[in-house]
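Participant: Structure below; questions to follow.
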Amino acid sequence: MAAFFSLLRRLYLSVYNWTVFFGWSQVLYHVLITLKESGHENVYNAAEKPLLFAQTAAVLEILHGLVGLVRSPVSATLPQIGSRLYLTWGILWSFPETRSHVLVTSLLISWSITEIIRYSFFGFKEAFGFAPSWLLWLRYSTFLLLYPTGISSEVGLIYIALPFIKASEKYCIRMPNKWNFSFDYFYAAILALGIYVPGSPHMYTYMLAQRKKALSKSKRE
């Protein structure tokens, strides 16, 4: 029975990883084609559907960690996925005024390359029990450049969205109301920017430690 559940787990994770890999490949394809043919102003519209699919599917990774399907700690997975979902739905989808900015292009290129490598790495491991050494190196090395460009783009887009958030009052809850509760999305966005200050160096340090551990292990093997 244990062997059956182990096989079922690997089959599910293989399908999940290769499906989301395909989604991010579509994002990168549409970004590059659109960038070449009509400029960065149209990149978001071209890549929106695969972006919403691929990024939203990552919610399952939080569940994978909670139920023990994967060993990745939820404490590391949750903030990364949470911030990306916030950018995807809470900024780009919610405020169309931000979509034509050049930072959308740098954001989607950084995200898609990172995720294409990551999901193919885990896809190989689940489907075949191993990942090629070159893919292992890419998995734990490309973030050195792509993480800073991705984070910078995220912070920049939140900042750019601030005046539109304030003017629209979208997602705000004003008093009086039956819940006796108020919420201002503008200040929530400012708080999100503040979280990036300690959060980004922490995640980068964590990833550097993971890189050292993974590459050292591969050399011993």
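Participant: Please work out the FRET efficiency for the pair SER100 and LEU191, using the Cβ-Cβ distance as r and a Förster radius of 30 Å; give the result to the nearest 0.05.
Facilitator: Plugging the Cβ-Cβ distance into 1/(1 + (r/R0)^6) gives 0.70.
Participant: A follow-up question, please. Hey, what number do you get for the chain at 222 nm if only DSSP H runs of n ≥ 4 count, each worth -39500 (n - 2.57), divided across all residues, to the nearest 500?
Facilitator: Result for the chain, helices only: -26500 deg cm²/dmol.
Participant: Working from Cα positions, state the angle (0 to 90°, nearest 10) between the long axis of helix 102-128 and the longest principal axis of the chain.
Facilitator: That works out to roughly 30 degrees.
Participant: Still on this model: For segment 140-205 and segment 86-136, what is the separation of their C-alpha centers, rounded to whole Å?
Facilitator: 19 Å
Participant: May I have the extent of the alpha carbons of the chain along their three principal axes, as whole Å values ordered from largest to smallest?
Facilitator: Between the extreme Cα coordinates on each principal axis of the chain lie 59, 48, 30 Å.
Participant: Going toward the positive end of the dipole of segment 2-220, with +1 on Lys and Arg Cβ and -1 on Asp and Glu Cβ, which of LEU138, LEU78, SER216 do you reach last?
Facilitator: So the residue we want is SER216.
Participant: Please give, to one decimal in nm, the separation of the simple spin-label points placed at TRP89 and ALA127, each 7 Å out from Cα toward the Cβ.
Facilitator: Reported label-point gap for TRP89 and ALA127 is 2.9 nm.
Participant: What lysines sit close enough to LYS213 to cross-link, taking a C-alpha to C-alpha distance under 29 Å and skipping anything fewer than 8 places away on the same chain?
Facilitator: Those lysines meeting the cut-off are LYS125.
Participant: Could you please report the charge total around SER14, scoring K, R as +1 and D, E as -1 over all other residues with beta-carbon less than 15 angstrom from its beta-carbon?
Facilitator: In short, +2.
Participant: Based on the Cβ-Cβ distance from ILE173 to LEU60, what FRET efficiency comes out when R0 is 30 Å, to the nearest 0.05?
Facilitator: That pair, ILE173 with LEU60, gives E of 0.55.
Participant: Once both axes come from the Cα atoms, what is the angle between helix 74-85 and the longest principal axis of the chain, in degrees from 0 to 90, rounded to 10?
Facilitator: Long axis of 74-85 versus the principal axis of the chain: about 50 degrees.
Participant: OK, next. Rounded to a whole number, what is D in µm²/s for segment 1-61 from Stokes-Einstein with the Kirkwood radius over alpha-carbon pairs (20 °C, 1.002 mPa s)?
Facilitator: D, rounded to a whole number, is 164 µm²/s.
Participant: Separate question: Compute the angle between helix 143-168 and the longest alpha-carbon principal axis of the chain, please, reported from 0 to 90 degrees and rounded to the nearest 10.
Facilitator: It is inclined by approximately 20 degrees.
Just so you know, all these numbers are worked out from the coordinates, no wet-lab data involved. These numbers were taken from a predicted model, which means no experiment stands behind them. Methodologically, a virtual Cβ is constructed for each residue, glycine included, from the backbone with ideal geometry; neighbour enumeration extends over all protein chains shown.
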